[in-house]
1. Which is surrounded by 20 or more Cβ atoms within 10 Å (Cβ to Cβ) and hydroxyl-bearing (Ser, Thr, Tyr), of Thr449, Thr454, Thr429, Thr445?
2. Please specify each residue of region 43-69 satisfying the condition of being closer than 20 Å to Gly85 by Cβ and of a type in the set (D, E, K, R).
3. Failed condition for Pro371, given (1) touching a residue at least 60 places away in the same chain (Cβ under 8 Å); (2) within 22 Å of His420 (Cα to Cα); (3) not hydroxyl-bearing (Ser, Thr, Tyr), with all others met?
4. Taking region 349-360 only, how many residues are open to solvent by less than 10 Å² (accessible area, probe 1.4 Å) and in contact with an Asp or Glu (Cβ under 8 Å, 6 or more places away or on another chain)?
5. Only one of Ala448, Ala439 is over 30 Å from the mean Cα position of the chain (by Cα) and within 29 Å of Asp340 (Cβ to Cβ). Can you tell me which?
6. Out of (1) crowded, with 22+ Cβ neighbours inside 10 Å; (2) assigned to a loop (DSSP other than H, G, I, E, B); (3) over 13 Å from the mean Cα position of the chain (by Cα), the odd one out for Thr250 is which?
7. Which pairs turn up if I take residues in region 91-105 that are on the phi < 0 side of the Ramachandran plot and open to solvent by 60 Å² or more (accessible area, probe 1.4 Å) and look for partners that are assigned to a strand (DSSP E or B) and of a type in the set (Phe, Trp, Tyr) with beta carbon separation below 9 Å, at least 6 apart in sequence or on another chain?
8. Take Arg388 and decide whether it is under 28 Å from Cys308 (Cα atoms), out of contact with any Pro (no Cβ under 6 Å at 6 or more places or on another chain) and surrounded by fewer than 20 Cβ atoms within 10 Å (Cβ to Cβ).
Amino acid sequence: MSKDALLAVPNVWKPERKLPIDPKCTMYKIQLDAPTPKPVLCVRDDIMGPTRYGKEYHGTMDHKECEQMLKDKPDGSYLVRRSPGADNYYTLSLRFGQATKHFKIFYCPEKGHYLRENFKKFETVEEMVADGLVDFYMRLHAAPILKEMMSQTKKCYEQSPYMTLHRRKLRSLCKPTKLPMVQDSLESADTEIADDRDGGAKGADQEQSEKSDTHDNAYPEYEKQHAFKTHTFKGLNWCEFCANFLWGFTSQGVKCDDCGFMAHFKCSELVPAKCVPDLKRLRGIFGVDLTTLVTAHKCRIPFIVKKCVEEVENHGMLQEGIYRISGFADEIEALKMALDKDGEKADVSAQMYSNINVIAGVLKLYLRLLPVPLITFQSFPLFMESMREKSIGEQVIALRNAVKALPPAHLHCLKYILEHLNRIASHHTINKMNEHNLATVFAPTLIATPQHMTDLSQEISMLAALISHCHAIFL
């Protein structure tokens, strides 16, 4: 980040500057000052312990004996012992702040050393001690910085380094498609950019945006949550939300699988839903979250859905049993691999796949593998409740409200699929696939249903109503 950009960030985002402490006392410097591990080695040759522990293992030792051994040792001194009566764990005794701390430690070959389940894992006890010492030292010496950092980030993220650091990235990624959601945030964070735009250019952008809204694949205003996962960072890294150092030696924070955004655990809870996935980070398209895929490709409908639907409508509308008759499994798998590898360049034409059931099978497979089904878990009850209405008109109104509960990416894709199935059903006298038959095929694909569940009659009736009345439901 440039010097000018740093000066533009209010002091509130560098809390160590405004608190009554040494201005040079940064988070990184505090970590450097933390004590280092100092194993207390056992001098007795008759004590044998697990091979994963070295000479720092002292055999069976009670609390008082351990306290006596470590009382004059410097901070960072530690040993491993077996507490009297301990069954499935050992005890790590560590000196810090002129006091001895005791921790139950566990080990398994697959995970390594750890204090408790669903927590940090370490290859060696020394790494565990080093990380713990940094954590203790930060809590002690950086407490006012951490407190101020968290209290301020909850107030106004628009003025945080989050916007300063990512303004150019977001603008460059979103410029070709004129994302209104991101543009609005950028304008509020950087008035200089807004001032540079003249009225004519802005008017042209608005006109272009209005035209694009009518196109099936125009890019809508999606909000995309970050896919944060605990991450161990190598080298020096800083939180991209608060611009403070990611301290520790392992599992220092989280990283978004889709865009690479790095943050402290607490800061990640405050990051807005403005993830812009990087295509380089997506491994294929099957099994990828729908909102993530359309956001990464800057489209309304996934290209695989458009390709398959167009091919079916060109060559399979009158095919008897379309979507009911399965294609060859090996050809479906081959096409799946081609789409994962080549993306939009993959050839799904009739020249490559003469059996239209292969194309239909790939479409069903893609929808079935979505981690969140097209009709989401949260909205599903609303769809089912709509069928309790007595008249068709009341059912349509209830279904109209139910689809509004879907995330935008799911709503647009469901609309596209249902309108396609409606066109298929209009030729049912030839292809033998009416609304009910299509609903029977697609119910397990569009709706998350337990594998042991065999009676889907209610779900099929609901989906048949969606297909039959899609034009009235999606106004």
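1. Thr445
2. Asp62, Lys64, Glu65, Glu67
3. Unmet for Pro371, out of (1) touching a residue at least 60 places away in the same chain (Cβ under 8 Å); (2) within 22 Å of His420 (Cα to Cα); (3) not hydroxyl-bearing (Ser, Thr, Tyr): (2).
4. Residues in region 349-360 being open to solvent by less than 10 Å² (accessible area, probe 1.4 Å) and in contact with an Asp or Glu (Cβ under 8 Å, 6 or more places away or on another chain): 2 in total.
5. Ala439
6. Answer for Thr250: the failing condition is (1).
7. Final answer for the pair search is Lys104/Tyr90.
8. So Arg388 fails the test.
The values are calculated or read from the model by the stated rules, or taken from the named source; none is laboratory data. Note that the structure is predicted; figures quoted are calculated from it, not measured. Here Cβ is always computed from backbone atoms with ideal geometry, including for glycine, and neighbour counts include all displayed protein chains. The accessibility values were calculated without ligands, DNA or RNA, using every heavy atom of the protein model including side chains. Shrake-Rupley method; radii C 1.70, N 1.55, O 1.52, S 1.80 Å.
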